[in-house]
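See below for the structure under consideration.
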Amino acid sequence: MKPVTISTLLFFCKMFYPVSTLDNGIGNSPLLGWTTGERYPCLTDCINYPDDCISEHLIRTVADMLTLSSFQEAGYQHIIIGDCWMDKMRDERDRLRADRNRFPSGMANLSSYLHGKNLKLGLYMDLGAKTCGGFPGSLNRYDLDAETLASWKVDVVVAGACGLTSYIDINKAYPDFGSQLNRTGVQMTYVCEWPFILNKKGGGQANYTAVAKTCNYFRISDPVKTTELLTQTVQNYNGYWYLYKDVVGPGSYIDLDQLVVGTSSLSHDQEKFQLSFWAIVSSPLLVSCDMTQLNSRSKRLLLNEKVIRINQDSLGFVGRQKLSKELVTIWTKPILPEGSFAVALLNTNIAGLPSQTSFQLSSLDISGSARYNVTEVFSGDYHGVFKPWHYFNCEVEPSGALLFQFIAF
């Protein structure tokens with residue numbers, strides 16, 4: 001490894017290293033996997049929709065697709081089941097149970113099936129009396145439900161709070177349930193919708209220091225269903241950066257919600273936009289799509305090794321916006337090897353002609369005598385060797401993105 005230079009240290013220090021994240025030994029890199037999410041929104045009619053309902057059949061099919069294709073090899077190992085997996089009634093011991101018709105083998109057996117394939121199981125819960133879909137919530141049963149999840153060997157717990165209305169109750173519920181998860185002695189990654197729920201219910205901004213000390217990942221935004229929501233996510237993230245800039249990083253990453261790559265929601269350029277932004281800010285990459293119908297272009301995007309490497313980079317930095325050139329925002333993230341960084345150019349203009357963009361590397365807080373080999377991640381095009389005083393010129397499609405690796409040497 002080459003010696004650390006003053007310019008490298010200054011660059012990293014300018015980006016910050018978080019100091020207030022949850023230290024429970026997990027959540028040190030963004031989640032990578034698949035979720036029922038928007039593609040399978042609480043569909044429980046398995047008679048008319050046997051392949052699309054939330055069921056054991058669906059989850060086993062996805063597990064087989066991940067392991068038989070290249071996804072597991074690329075790092076996709078989490079399968080997250082959203083709302084509506086539960087039975088409408090608890091069992092005779094007041095414990096949660098999976099719907100007995102849709103999950104005939106039970107959740108413990110399904111968990112064992114996934115673990116046998118080196119995959120991990122995640123389940124959605126609600127901290128109120130009912131889930132968003134009207135299924136049993138965990139209110140007044142946090143200890144019992146945490147024990148149940150542990151007995152099933154669940155790996156990831158996603159906690160919503162549709163069933164809570166009081167801001168005081170919401171702010172108390174997440175730490176309380178997190179404590180019960182920890183008391184089981186079983187390591188379970190804790191994904192909180194805490195800031196998102198507070199904002200949706202008019203409760204203002206969350207205490208992000210408390211959130212980061214409680215949750216491995218915390219959701220802040222709506223699911224992306226349209227181009228407008230995609231660009232709005234970028235604008236909101238940057239606008240509220242000051243609230244969570246000191247607490248994000250390994251142990252507590254921001255969750256921008258699911259990827260909709262491979263669905264009909266976004267164009268190919270917009271899929272690159274979403275992947276670029278999620279990768280540069282170290283959000284979980286959890287795709288919600290029909291794995292059996294995934295088109296080849298979207299599959300190549302999701303399996304792009306360089307995108308995944310940027311997202312999962314072990315330095316643990318979270319990218320931030322450095323420049324705005326009219327409608328193109330420019331984001332940077334330090335990555336390995338030492339002194340290198342990723343750069344995302346996001347065109348928030350959703351119509352019209354491509355945007356021409358030019359900037360000097362020094363405007364990204366890059367200085368010193370380092371040289372960089374520059375490659376665009378999606379096309380694989382090599383752009384040459386650049387130094388901090390050089391100008392960089394490129395063209396970005398409307399609602400599209402370019403993602404670069406600047407590798408120091």
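The values are calculated or read from the model by the stated rules, or taken from the named source; none is laboratory data. Note that the coordinates shown come from a computational prediction; the quantities given were computed from them, not determined experimentally. In this analysis, Cβ positions are derived from the backbone assuming ideal geometry, glycine residues included, and neighbour counts consider all displayed protein chains.
Taking segment 366-409 as the range and being small (Gly, Ala, Ser), within 28 Å of the chain's Cα centre (by Cα) and farther than 20 Å from GLY319 by Cα as the test, the residues that pass are SER379, GLY380.
LYS299 falls short on exactly one of the conditions (1) at pLDDT 95 or above; (2) touching a helix residue (DSSP H, G or I) at 6+ places or on another chain (Cβ under 7 Å); (3) over 24 Å from ASP246 (Cα atoms), and that condition is (2). Only residues that are under 17 Å from the mean Cα position of the chain (by Cα), part of a loop (DSSP other than H, G, I, E, B) and either over 15 Å from PRO223 (Cβ atoms) or not β-branched (Val, Ile, Thr) (or both): list them for segment 256-275, please. Result: LEU256, ASP257, GLN258, GLY262. Scanning segment 187-203 for residues being farther than 25 Å from HIS78 by Cβ and either assigned to a strand (DSSP E or B) or touching a Pro at 6+ places or on another chain (Cβ under 7 Å) (or both) gives a total of 0. Scanning segment 378-387 turns up one or more residues that are in contact with a strand residue (DSSP E or B) (Cβ under 7 Å, 6 or more places away or on another chain) and closer than 18 Å to GLN274 by Cα. If the condition is being surrounded by 13 or more Cβ atoms within 10 Å (Cβ to Cβ) and either in contact with a Ser or Thr (Cβ under 6 Å, 6 or more places away or on another chain) or in a loop (DSSP other than H, G, I, E, B) (or both), then segment 76-88 contributes TYR76, GLN77, ILE80, ILE81, GLY82, ASP83, CYS84, TRP85, ASP87.
For segment 105-143, name all the residues that are in contact (Cβ under 8 Å) with a residue 12 or more places away in the chain and under 18 Å from PRO175 (Cβ atoms). MET125, ASP126, LEU127, GLY128, GLY137, SER138, LEU139, ARG141, TYR142, ASP143 - these are the residues of segment 105-143 that are in contact (Cβ under 8 Å) with a residue 12 or more places away in the chain and under 18 Å from PRO175 (Cβ atoms).
Condition check ((1) in a helix (DSSP H, G or I); (2) crowded, with 22+ Cβ neighbours inside 10 Å; (3) not assigned by TED's automatic domain parsing to the domain that holds ARG97) across all residues:
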| position | (1), (2), (3) |
| --- | --- |
| VAL158 | no, yes, no |
| ILE170 | yes, no, no |
| GLY185 | no, no, no |
| GLN205 | no, no, no |
| ALA212 | yes, yes, no |
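Contact map, segment 44-62: first residue of a type in the set (Phe, Trp, Tyr), second residue surrounded by 14 or more Cβ atoms within 10 Å (Cβ to Cβ), Cβ cut-off under 7 Å, separation 6 or more or different chains; pairs are TYR49/LEU43.
Among the residues of segment 216-250, which ones are in a loop (DSSP other than H, G, I, E, B) and closer than 18 Å to GLU193 by Cβ?
ASN216, ILE220, SER221, ASP222, PRO223, VAL224, LYS225, TYR240, VAL247, VAL248
Answer yes or no as to whether LYS213 is in contact (Cβ under 8 Å) with a residue 24 or more places away in the chain, over 17 Å from CYS162 (Cα atoms) and among the charged types (D, E, K, R). In short, yes. When VAL385, VAL396, VAL377 are checked against the criterion of being touching a residue at least 40 places away in the same chain (Cβ under 8 Å), β-branched (Val, Ile, Thr), in contact with a Lys or Arg (Cβ under 6 Å, 6 or more places away or on another chain) and not assigned by TED's automatic domain parsing to the domain that holds SER29, a single residue qualifies: VAL377. When each of ASP64, ASP23 is tested for being within 19 Å of ASP155 (Cβ to Cβ), modelled with pLDDT of 70 or more and surrounded by fewer than 16 Cβ atoms within 10 Å (Cβ to Cβ), the lone residue that passes is ASP64.
So which of SER111, SER138 is buried (at least 19 other Cβ atoms within 10 Å of the Cβ), assigned to a helix (DSSP H, G or I) and at pLDDT 95 or above? Walk me through it before giving the result.
Working: SER138 fails: assigned to a helix (DSSP H, G or I).
Going through SER111, SER138 in turn, just one is buried (at least 19 other Cβ atoms within 10 Å of the Cβ), assigned to a helix (DSSP H, G or I) and at pLDDT 95 or above: SER111.
Within segment 126-148, the set of residues being closer than 21 Å to PRO284 by Cβ and either more than 22 Å from the chain's Cα centre (by Cα) or among the polar types (S, T, N, Q) (or both) comprises THR131 only. Of LEU256, LEU286, all but one fail to be more than 29 Å from ARG371 (Cα to Cα), touching a Gly at 6+ places or on another chain (Cβ under 7 Å), aliphatic (A, V, I, L, M) and buried (at least 24 other Cβ atoms within 10 Å of the Cβ); the exception is LEU286.
For segment 289-305, the candidate set comprises residues that are touching a residue at least 60 places away in the same chain (Cβ under 8 Å) and hydrophobic (A, V, I, L, M, F, W, C); within that set, the residue that is surrounded by the fewest Cβ atoms within 10 Å (Cβ to Cβ) is LEU303. The residue list SER355, SER362 contains one member that is over 17 Å from ASP313 (Cβ atoms) and in contact with a strand residue (DSSP E or B) (Cβ under 9 Å, 6 or more places away or on another chain), which is SER355.
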